[in-house]
Each structure stands twice: as C-alpha cells, then as structure tokens.
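In what follows, a structure is listed as structure tokens, so that the remarks can point back to it.
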Amino acid sequence: MKKHLFVMLAVMLIFLVGCNQSSGGTSGSNNNELTTDNESEAGTNNNNEKIEITYWYAWGDKIGENNENLVKMFNESQDKIHVTAEYQGSYDDLHAKTQAAFAAGNAPEVTQNEIASVAIFANSGMTEDLTPFVERDDINLDDFIPGLMGNSYVNDKLYALPYLRSTPILYLNSTLLEEAGLDPAGPKTWEEFAEYAKALTVEGERVGMTMPINIWFYEAFVAQSGGQMISEDGQTVAFNSEAGVAPVEFWKQLVNEGLIKIPTGDEAGATAKQDFANGRSAMTFSSTADLSYWLGMAEEQGFELNTTFMPANKTFGVPTGGCNLVMTAGLDPKKQEAAWEFIKWMTAKEQTIYASEFTGYLPSRTSAVNSDEMQKLYQEYPQYEVAVEQLEYARPRPMKDAYPEISKFIQDEITRSIINEDVSPQEALNTAAEKANKLLK
C-alpha cells in the first residue's frame, strides 16, 4: 500500500511541475511588457508577449483599405506591438462610438478625430497630451506642413498629429468642358464658375454641378469672400456677415437659373457623386481624398478628369479637413508607449507618402511632398498636386465644442433658404446665428 501511494504521489508531482513549466508560470515575465532586444527570438515571436492595442478608423473603400494596409505593415515591421484595426463608419459614427466606449471603460488606445472635433475630445479629458512624447523623442514638428497643424493644438498643448488630411477641390469632366468649348483648366473665379455652369447645362440632360449643402464647402466659400465662421474672440458667430451671406445668395441664384442642382436629405452627397460619375453634372466639389476613386471612375466611364482650386471670390480659400490621430487618455504606461509608437509610425514620412499615393489625401509632411516618390507622382498625375498648391490659401476649421451642433444649424437654415423662395439667405443665417450664439455663451 505504501509503495503504491509513493508511486501515485511521484506521478502527481511530475504532472504538476510539467504543467507549471508549459504555462510559463516560472518565467517571471510580464506578458504586457514590451520585449527587448536581449530577449530570445522565441520570446519576441510569441504573440502572447506582444502589447495588444486597438485602432479605430472611419470610412471604407480605398480609405479603409489604406488603414488596413498600414496596420498590417506596422504589425509586420516589428514584433513588440500588435494593432487591431476596426472600422467604425463615418466620422460622426466613430466619434459617438468612441465617446460611448470611453464612458464604458473600453475605448480604443488610438483613434481618429475629425479635425474640428479635436478640441471636444481634448477638453473632455478623453485624449492624451502628446507634447511629452514629442519632446522626448525629438519629433521634428516643423516637418509637418504648417497649414495642417492648426487643428492639432488645444490650449497650447499638442493633442493630435496630422494623418489623413484634405481640402475640398474642384473636379472637372474635361471631356464635357472641351465639348462645350471651355478651357479644361477650369474656372478661376465665382463669375467664371457661373459662366462654366451655364455653358455646361443642357436642359433635361445635365447641369453644371450637383452640390449638396455641406458645411465644409460653405466654410470654403466664406473664406473666399474674406469672412470667418466664428469671431476672433470665439464668443459669437460671424457667418451671418456679408461674407457669409454671399455664398448662399450665389448658390440660390444658380439654382434659380437651373445651372446647378442642390439635392437635400441624407442621400444628397451620394446623388452628387452619381451625377458626376454618370455625366449628369460636369463639375463637382469633393475632397482630395476622393482623387484615386475619381481617377478610376473616370477611366471606367471613359472621360478625362482634371482638378483645380475651388474658385475665388475676393480671394482663394479653403478649410483643411480629414482627421488627426489621437491617443485615448488613462492608459497604463505600457499601452501608452505602444499607442505612441503606432501614432509616430503612422505619421512618419514613409507612411505619409504611401497614404497619399493610395488615396489622394494630402501628404502631411514637407519631406514627403519633396520626396522622389511624390514628385514622380505629380509629374504623372498632376491632379494630385493641386491640393498641395492650394494649401497656401488653407485655414483650420473652428474647434469650439459647440461647433458640430452649430454646423447643423447652418446647414438646415441654408437648405431652408435654397428650397423656399420667400426665405432670404440673410434671414436664414440670422436664424442660425441666433441659435448658435446661445450655445457659444
């Protein structure tokens, strides 16, 4: 009996020791720590040893492909961090989901902020000040194009780095322009734009442009008229000034003359896209981010595509757009370091070049613009360089916490004026301004 008991105890002891060794329980390592160069190859290649972080992004199609491709490239470039990329819909969808996830304690470590929303997230304590990381790693912020940095700072602290950035530009169906006897280089002023729209309109068949009521486009037209959306002190709105009323008066005139079409509702943007693709409109305003899509569509539909600046009124002018990368607040040190390494890599010169070539988004670094790769692309496809040249006239978007809601007031009132002959642009914008000023105060 004693002999049998001794054998059983010995077997159990061997089994327990074996289990402990196979589970790594005696290694003394922390699975959340970044691996070091001195660790064994087996240790650094073990997925359990990697820091796991999540990255949320907006938009699909080519933009989504770009995000997924870059994340895959980052994961393959090193063996310390693994990033999982997750698509969240539009910017509005992404922001709402990020806010909800942060409140629930399961926010992604890295996410995108549409540039007008950078301050909202920073002021609410949801994103991390990146200044210490930038200073520690001696990141050359001067290499980022100055016109793209305006929406990165909040209260003199750096909360975001430019990533997929854009401006609106004018896309032209050069084939239709040439058939109408127009210069395929496109209109340079509002007056010329109206002349082009008239020459390109064929009753019952085509209009000069199909254009949704879009706050981004409106901001551009206000800038072109020498105006501002918000007063310098940020206490009141400024869009109901003469410079803010002029764009709506211009649009309403063109609509009444049948030269442009302004669809309304949730499908307005899709309608504008379809009309341009199918030749039912000859011009469209759209983001530089759509360039690779439109080049492919033009080839598929059999027409020549050109791009140019948005036309000037008193001056040229456009807002910048797109998104910056941010780190969510409250991460433990290991996750913070992993998130920062990912942000630093995604906004570096090489990745900036890749994203710009793949999508049409602006290269956010001067070194990227001047690179052999981008210069070769501009020679082959000059449509890509238009947005870079237009940056001379670019400005940041307003970053007041109330601005997303103010934008909705503006769009709703502009729409009311366009579809209702009895509502003047001044009256509509005064109504929007009254509502907006209550929020600002």
**OP:** For residues that are part of a helix (DSSP H, G or I) and within 17 Å of PRO212 (Cα to Cα), tally how many sit in segment 406-427.
**Re:** 14
**OP:** For segment 71-90, name all the residues that are in contact with a helix residue (DSSP H, G or I) (Cβ under 6 Å, 6 or more places away or on another chain) and outside any strand (DSSP E or B).
**Re:** PHE74, ASP79, GLN88
Original post:
Looking at SER417, is it free of Cβ contacts under 8 Å to residues at least 24 places away in the same chain, in the same structural domain as GLY226 (by TED's automatic domain parsing) and either among the polar types (S, T, N, Q) or touching a strand residue (DSSP E or B) at 6+ places or on another chain (Cβ under 7 Å) (or both)?
Top reply: no
Subject >> Hits in segment 107-152 (condition: small (Gly, Ala, Ser) and assigned to a helix (DSSP H, G or I)) >> reply: ALA116, SER117, ALA119, ALA122, GLY147
Original post:
Which condition does GLU49 not pass, out of (1) acidic (Asp, Glu); (2) surrounded by 14 or more Cβ atoms within 10 Å (Cβ to Cβ); (3) at pLDDT 90 or above, if it passes all the others?
Top reply: (3)
Subject >> Which listed residue is out of contact with any Lys or Arg (no Cβ under 8 Å at 6 or more places or on another chain) and crowded, with 22+ Cβ neighbours inside 10 Å, from ASP290, ASP266 >> reply: ASP290
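Residue by residue, here is whether (1) out of contact with any Asp or Glu (no Cβ under 8 Å at 6 or more places or on another chain); (2) aromatic (Phe, Trp, Tyr); (3) closer than 25 Å to PRO404 by Cα; (4) not assigned by TED's automatic domain parsing to the domain that holds GLN336 holds:
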residue: VAL71; (1), (2), (3), (4): yes, no, no, no
residue: PHE74; (1), (2), (3), (4): yes, yes, no, no
residue: GLU114; (1), (2), (3), (4): yes, no, yes, no
residue: ILE120; (1), (2), (3), (4): no, no, yes, no
residue: ASP129; (1), (2), (3), (4): yes, no, yes, no
residue: VAL134; (1), (2), (3), (4): yes, no, no, no
residue: ASP138; (1), (2), (3), (4): yes, no, no, no
Original post:
In segment 79-97, which residues are in contact (Cβ under 8 Å) with a residue 60 or more places away in the chain and under 21 Å from LYS344 (Cα atoms)?
Top reply: LYS80, ILE81, VAL83
Original post:
Quick check: is even one residue across segment 186-193 surrounded by fewer than 16 Cβ atoms within 10 Å (Cβ to Cβ), without any contact (Cβ under 8 Å) to a residue 24 or more places away in the chain, assigned by TED's automatic domain parsing to the domain that holds ASN113 and not hydroxyl-bearing (Ser, Thr, Tyr)?
Top reply: no
Subject >> Any hit, segment 287-297, residues being part of a loop (DSSP other than H, G, I, E, B), assigned by TED's automatic domain parsing to the domain that holds LYS188, farther than 18 Å from VAL202 by Cβ and among the acidic types (Asp, Glu) >> reply: no
**OP:** Out of the residues in segment 347-365 that are outside any loop (DSSP other than H, G, I, E, B) and aliphatic (A, V, I, L, M), state the one that is nearest to TRP59 (Cα to Cα).
**Re:** ALA355
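The values are calculated or read from the model by the stated rules, or taken from the named source; none is laboratory data. This structure is a prediction, so every number in the text was calculated from the model and none was measured. Using ideal geometry, Cβ is built from the backbone for each residue, glycine included, and neighbour counts are taken over all protein chains shown.
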